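See structure below.
The values are calculated or read from the model by the stated rules, or taken from the named source; none is laboratory data. Since we're looking at a predicted model, the values are computed, not measured. Glycine gets a Cβ as well: all are built from the backbone with ideal geometry, and neighbour counts include every protein chain shown.
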Amino acid sequence: MPRAAAEREIDELRRLLLQGERERIAALEERKLEVSSRDVSDVLPEAVLMRAADDEQLSRALAPTIEAGIETSARKNPQVLADAIFPVLGPAIRKAIQAALAAAVEGVNTALENSLSIQSLKWRWEARRSGRPFSEIVLVKNLVYRVEHVFLFHRETGLPLAQAVAPAVATQDADLVATMFTAISNWVRDSIHLVEDEEDSELQQITISGARVMIVRGPHAVLAGVVRGNPPTSVRLVMQRAIEAVHLERGEDLVRFDGDDTPFRATLPHLESCLQEQRRQRKRSPVFLAVMPVAIVVLALLGVWWGVQAHRRSQAWDAALEALRAAPGYQVFGVREEDSERVVSGLRDSFAAAPEDVLLPTGVDPDTVRFDFDTYESREFLERRVRERLAAPEGVGVDVEDGVVTVTGAAPTAWIDHADRIALGTAGVGRFDRSELVDSDFARMQGRVEALDGRVILFAAGSAAPTVGDRAELEGRLRDIDEAASSARRIVSVTIRGGARSDESPDGEGLGAERAAAVQRFVYDLRLESVVLQWLSGGGESTGRFETRLDVRILSSVMEAPAR
Amino acid sequence: MIRKKICLLGAFSVGKTSLVQRLVHSIFSERYQTTVGVRIEKKTLMLDGNDVSLVIWDLQGEDEFQKLRESYLRGSSGALLVADGTRPHTVDIAILLRDRLRDVCGNVPAELLINKADLTDEWAVDPRAVAALDGADSEPIVTSAKTGAGVEGAFESLARRILGGGA
C-alpha cells in the first residue's frame, strides 16, 4: 500500500476514534480564560485559609493593596469608613479614657493619702535621710509588690522581642536591658557551677535593694520581670504561664528568629498579664475606729449648732433691720457688706433714737454694724421739733396738728416775731395760726396809752410852767409807755394842745402855745425812744376851759421801733 | 526593626572598647580602661533605607589569663576581630578567636580590623600580608578609634554582610 494512502487511512481512523475528544479540547481552549477565573473563585477562599495557616506571606502580599484601598476609600468618602469603624470607636475610646483616668486617680489617691499625715512626715524624713526621692519611698511603703517592667527576649542572642511597662513607669532601652540580662545570666552560668545540671544553674532572680528581677526561661525565649517589693510565688507562676503561651503561639517564629521582632508584638497581652501588683491594706487602729463615730457625732452636732446659730443670726439681723425701718425718724435704704462689716445706709431724724439703742433689743451687736445715715426732718417728730424750736414761754399753749401750728395764751412781742419765723421755716408746717394769741407787750402798752390819753395838765394862772406834781406823774407815765412800746415794738405819738383862759391872756393863744411848748420841751428832755411828739397846737379848744390837753395815740401797729 | 547581635573580639588593649565608643558616642579617650566581662552598646545604622540595630557585645580582651567566655558568643550574627597594628601577635590572637567564633556560631561573617591607624609609624603589621593568611574571608579594614577613620565603615561592612548572607 502506497505511503500516502496508508496515512489517509490512519487519519480516518484517528478521526473516528478521537473526534469527540478533539472537539472537547477545542471547546476547552476557547473557554480557557473564563474557566480559569471561575475555577479560581471556587478555590480562592480555601486557598487563602490554607496559605494563611502556613505562613504570613499572604498577609504581607495583601497588606499594601488593603492599605491603599483604605486610603483611597477614606479620601473618596470618609463617611463610609467612619460608619464602618464607628461601632469599635466608642469602646476603644472608652477603654483608653478609663485607663488614663485609672492611672490619674491612682496618683491622686496616693498623693492625697500621703500628703499630710504623721506617716508622710516620717517618710519625708526617711527620704531626706536616705537621699531617695519621696515618691519612691511612698511607692515602696504602699506597695506589697508591683511588677513594673516585663521583657521578653531571645534566649540565644539576648535580643529583645517585646516588652510591657506598668503605668507611670519610665521605659528602659529594651535592647540594652535585655542584652545585659543575657550577659549577666551567661556570666553567672559560666562562673558559678553549683549544680551539675545546666538548667538548674540558670540565674533565676537578681535582687537589688528594694527591687528584683525575676527570670523564667523557655527553650527559646526568656521572660524577665522587674519587681518592686516582695512578690508572692504566684507571680513566678503567672510569668511561667506567659512564657509557655509565647512558646505555644510563636514557637516557630522563635526558632527562625533573625532579628525581626514584628511577629512578637502579638505576645504583648501575655506580657501585660504579668504586670501584677498588690497594695498594702491600711489597717485602721482600734483607737481610730472607736474615736471615729464619736468624732462624726461631735462634728455633726457642731454642724447643727453652727447652722442654728447662723439661722438665728440671720433672723436677728432681719429683725434688727425691721426694727430700724419701723423706728420713728428712720428711712432705711439698704444694707451692704464692706470689709466684712455690714453698712446700713439711709436717713435719720436727729430726734430719732440712736441706732445702737434700736438694735440692742434685737440681739444684734451694734459694734458689728456701721451706720451711714444722712439727716432729715421726719413728720413723726414735727410737734416735738416745733415745740423745741419755738421754746414757748409760760402761758403759751402750742398745738401741732396736720401741719397747722396753733398758739394760744399771751406772749411778748419779741417771742411772737420769733415764732413767726420759726414756725413757717420748719419743714412740714403748712400754717401758723396765732389768732388766739394775745401780744402781752402790746396789751400793756395799750393799757398805759389809754390811761394817759386825754390827760389834762393844769397850770397856775398866767404861768406856762407845769406844776411839779404833774411833771413827776407825767414823766412816770410816759416812761412806762415808752418801755411798753419798746417791748411791743411800736411807736406812740403824743399830741399836745396848749390852751389858756381868756382872762389870763388877752390872746389866750399865745399863753396856750407857750404852755404846749413847755410840755413839749419837758417831754423832749425825757429822751424817750418810742414816744414821738406828733403834733403841737397852740390854739385852745373852744370848750371854754383853760387847760392844756394831751392826746396820746399809737401810731402804727406795724411800725418798727426806731433804731436804738 | 531588625536587630542583630555582634561581638567585638580581640587581644587585650587593641582598642575594642574605644572603637565602640567612637562608633556609638563619637568620643575617644586616651585613658585605658580594661573591660571586665562584657560591655553592651547599641548602634542603629541605616542600610539601603532600612534601620538595622546592632547590639554590640564588647567582650573583654583575650590573653593567657582571661579566656573568652564562649557563652557570650552564642547567637552572634557576626563579629569584628580587632588587632593592633603595632603588635603583630594580636593578629594571631584575632585569627584564633575567629576559629573559636566559628566553633560556636558557625560560619558567620567576621571582619578583621587592624586598629591604631594613627600610629602607622610604629606599625609592625602589613595588612597585605595579613590578607594572605589562611582562611581570611575578606580584606582587613584599617581603622583608628582615635581619628574615627574606617570605624563606621567597618561596622557597616559587617552589617551588610550579615544581612546579605541572611544570617
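Here A:Val216, A:Val238, A:Val227, A:Val222 are screened, and the one residue that is surrounded by 15 or more Cβ atoms within 10 Å (Cβ to Cβ), assigned by TED's automatic domain parsing to the domain that holds A:Val144 and either of a type in the set (Lys, Arg) or part of a helix (DSSP H, G or I) (or both) is A:Val238.
Against the conditions (1) among the hydroxyl-bearing types (Ser, Thr, Tyr); (2) surrounded by 11 or more Cβ atoms within 10 Å (Cβ to Cβ); (3) on the phi > 0 side of the Ramachandran plot, A:Thr267 satisfies every one except (3).
Taking (1) at pLDDT below 85; (2) exposed (fewer than 14 other Cβ atoms within 10 Å of the Cβ); (3) not aromatic (Phe, Trp, Tyr) in turn, A:Glu380 satisfies each apart from (2). Taking the criterion of being crowded, with 17+ Cβ neighbours inside 10 Å and within 14 Å of chain A (Cβ to nearest Cβ), the residues of region B:1-34 that qualify are B:Ile2, B:Arg3, B:Lys4, B:Lys5, B:Ile6, B:Cys7, B:Leu8, B:Val20. The set of residues in region A:165-193 being more than 17 Å from A:Met214 (Cα to Cα), assigned to a helix (DSSP H, G or I) and small (Gly, Ala, Ser) consists of A:Ser191 alone.
With (1) more than 14 Å from chain A (Cβ to nearest Cβ); (2) modelled with pLDDT under 90; (3) crowded, with 20+ Cβ neighbours inside 10 Å; (4) in contact with a helix residue (DSSP H, G or I) (Cβ under 8 Å, 6 or more places away or on another chain) as the list, and B:Gly135 as the residue in question, which single condition is left unmet? Answer for B:Gly135: the failing condition is (3). If you filter region A:109-135 down to residues that are at pLDDT below 70 and in a helix (DSSP H, G or I), you find that the one that is nearest to the other protein chains (Cβ to nearest Cβ) is A:Thr110. Within region A:248-262, being within 13 Å of another protein chain (Cβ to nearest Cβ), in contact with a Ser or Thr (Cβ under 9 Å, 6 or more places away or on another chain) and not acidic (Asp, Glu) holds for A:Phe257, A:Gly259. When A:Phe371, A:Phe333 are checked against the criterion of being within 29 Å of the chain's Cα centre (by Cα) and not assigned by TED's automatic domain parsing to the domain that holds A:Arg313, A:Phe371 stands alone in meeting it.
Strands (runs of 3 or more DSSP E) fully within region A:258-349 that include at least 2 residues being of a type in the set (A, V, I, L, M, F, W, C): A:330-338, A:341-348. Taking the criterion of being surrounded by fewer than 17 Cβ atoms within 10 Å (Cβ to Cβ) and in contact (Cβ under 8 Å) with a residue 40 or more places away in the chain, the residues of region A:396-421 that qualify are A:Ala414, A:Asp417. Among the residues examined, B:Val55 qualifies as among the aliphatic types (A, V, I, L, M) and either touching a His at 6+ places or on another chain (Cβ under 8 Å) or buried (at least 21 other Cβ atoms within 10 Å of the Cβ) (or both). Any residue that is modelled with pLDDT of 90 or more and within 11 Å of another protein chain (Cβ to nearest Cβ) - is there at least one of those in region B:62-77? Yes, region B:62-77 contains at least one residue that is modelled with pLDDT of 90 or more and within 11 Å of another protein chain (Cβ to nearest Cβ). Restricting attention to region B:81-110, the residues that are farther than 22 Å from A:Pro219 by Cα and either in contact with a Ser or Thr (Cβ under 9 Å, 6 or more places away or on another chain) or polar (S, T, N, Q) (or both) add up to 12.
Got a sec? Which of A:Arg527, A:Arg515, A:Arg489 is on the phi > 0 side of the Ramachandran plot, outside the structural domain of A:Arg389 (by TED's automatic domain parsing), modelled with pLDDT of 75 or more and crowded, with 18+ Cβ neighbours inside 10 Å? On inspection, the qualifying residue turns out to be A:Arg489. For region A:353-371, residues that are surrounded by 13 or more Cβ atoms within 10 Å (Cβ to Cβ) and touching a residue at least 12 places away in the same chain (Cβ under 8 Å) total 10.
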